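The values are calculated or read from the model by the stated rules, or taken from the named source; none is laboratory data. Since the structure is predicted, the reported quantities are computational estimates derived from the model, not experimental observations. A quick note on method: Cβ atoms are made from the backbone with ideal geometry, for glycine too, and the neighbour counts reach across all protein chains shown. Areas reflect the complete protein model, heavy atoms only, side chains present, ligands, DNA and RNA absent. Shrake-Rupley method; radii C 1.70, N 1.55, O 1.52, S 1.80 Å.
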Amino acid sequence: MNKIETVLDAILSQGMLPLFFYEDAEVSLEVIRTMYSAGVRVVEYTNRGKEALSNFYRLKQALTTDMPDMYLGAGTIKTGLEAEAFVDAGADFIVSPVVDTEVALVAGNYHKLWIPGCMTPTEIHVAQHYKARLIKIFPANILGPAFITSIRELFPGQLFIPTGGVEIEAGNIAEWFRSGVCAVGMGSKLISRNVLDKRLYTQLYNDTLKALELVQLSK
């Protein structure tokens, strides 16, 4: 099994993809450790601040030693140069908020799973042309599960993951899976700024356990 398939299978098995960024590298590492303890094995670290790339290097170094079975992807990648930089930092996969062909080509050249963000059927079609195995529906809180239900038959076999506004709530998560997604992205609803600023690791651990349980019940 190649690396793309391995990472994709890990996301599908987990059923959710936690994503976050924080300026402090040590807090970022503790967040990942906390989620790892709760059972998470795939995380997206987003390129949302000037510290993102340097933090990513530090996180990958620590994970290689302490959590070698954790896959760490780079999110909010919008250009080929950003993709190159984070691949060099050790990114296991690349996530974008948009469909950027340069990012797609970099991911393909390095045999990395590429997860582009799409909001329309046209964007999904273009993403498929550039070999996107998994497509992020973004922003999910605007589009809603009904969007997936409406378009999934147009793209048979395509895997979708909604990101933005997915709640840690049984009805919400179940509705997304009923619509046809294969996993859900969990950002600030799981790893809020309050959790990060106040180092609420016990709360994060419990919320992660709950989210994982709800996802497994809904799949």
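Laid out as a table, the results:
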quantity: Residue that is most open to solvent (accessible area, probe 1.4 Å) [pool: residues in the range 35-54 that are assigned to a helix (DSSP H, G or I) and either under 17 Å from Pro18 (Cα atoms) or among the aliphatic types (A, V, I, L, M) (or both)]; calculated: Ser37
quantity: Residue list for the range 130-145, filter: open to solvent by less than 60 Å² (accessible area, probe 1.4 Å), of a type outside the set (Lys, Arg) and either touching a helix residue (DSSP H, G or I) at 6+ places or on another chain (Cβ under 9 Å) or part of a strand (DSSP E or B) (or both); calculated: Ala132, Leu134, Ile135, Ile137, Ala140, Gly144, Pro145
quantity: Single unsatisfied condition, Pro68 versus (1) open to solvent by 10 Å² or more (accessible area, probe 1.4 Å); (2) over 18 Å from the mean Cα position of the chain (by Cα); (3) farther than 16 Å from Val7 by Cα; calculated: (3)
quantity: Qualifying residue in the range 21-28 (condition: touching a residue at least 24 places away in the same chain (Cβ under 8 Å), closer than 24 Å to Leu217 by Cα and of a type in the set (D, E, K, R)); calculated: no
quantity: Residues within the range 165-219 that are in a helix (DSSP H, G or I), of a type in the set (Asp, Glu) and surrounded by fewer than 16 Cβ atoms within 10 Å (Cβ to Cβ), tallied; calculated: 2
quantity: Among (1) open to solvent by less than 10 Å² (accessible area, probe 1.4 Å); (2) β-branched (Val, Ile, Thr); (3) over 15 Å from the mean Cα position of the chain (by Cα), the one test that Thr101 misses; calculated: (1)
quantity: Residue count for the range 1-34, restricted to those that are in a helix (DSSP H, G or I) and either of a type in the set (Phe, Trp, Tyr) or at pLDDT below 95 (or both); calculated: 1
quantity: Test: residue in the range 93-100 that is in contact with a strand residue (DSSP E or B) (Cβ under 6 Å, 6 or more places away or on another chain) and assigned to a helix (DSSP H, G or I); calculated: no
quantity: The one condition in (1) farther than 26 Å from Tyr201 by Cα; (2) open to solvent by 50 Å² or more (accessible area, probe 1.4 Å); (3) β-branched (Val, Ile, Thr) that Thr6 fails to fulfil; calculated: (2)
quantity: Any hit, the range 172-181, residues being under 22 Å from Glu123 (Cα atoms), of a type outside the set (A, V, I, L, M) and more than 18 Å from the chain's Cα centre (by Cα); calculated: yes
quantity: Matching entry among Leu29, Leu59 (being open to solvent by less than 40 Å² (accessible area, probe 1.4 Å) and in contact with a strand residue (DSSP E or B) (Cβ under 8 Å, 6 or more places away or on another chain)); calculated: Leu59
quantity: Hey, Ile124 modelled with pLDDT of 95 or more, β-branched (Val, Ile, Thr) and more than 25 Å from Thr79 (Cβ to Cβ) or not; calculated: no
quantity: Odd one out for Leu63, checked against (1) farther than 19 Å from Ile135 by Cβ; (2) in a loop (DSSP other than H, G, I, E, B); (3) not acidic (Asp, Glu); calculated: (2)
quantity: Gly73 in a strand (DSSP E or B) and at negative phi; calculated: yes
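Yes/no per residue for (1) outside any helix (DSSP H, G or I); (2) surrounded by fewer than 22 Cβ atoms within 10 Å (Cβ to Cβ); (3) of a type in the set (Ser, Thr, Tyr):
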| position | (1), (2), (3) |
| --- | --- |
| Val106 | no, no, no |
| His111 | yes, yes, no |
| Gln128 | no, yes, no |
| Phe147 | no, yes, no |
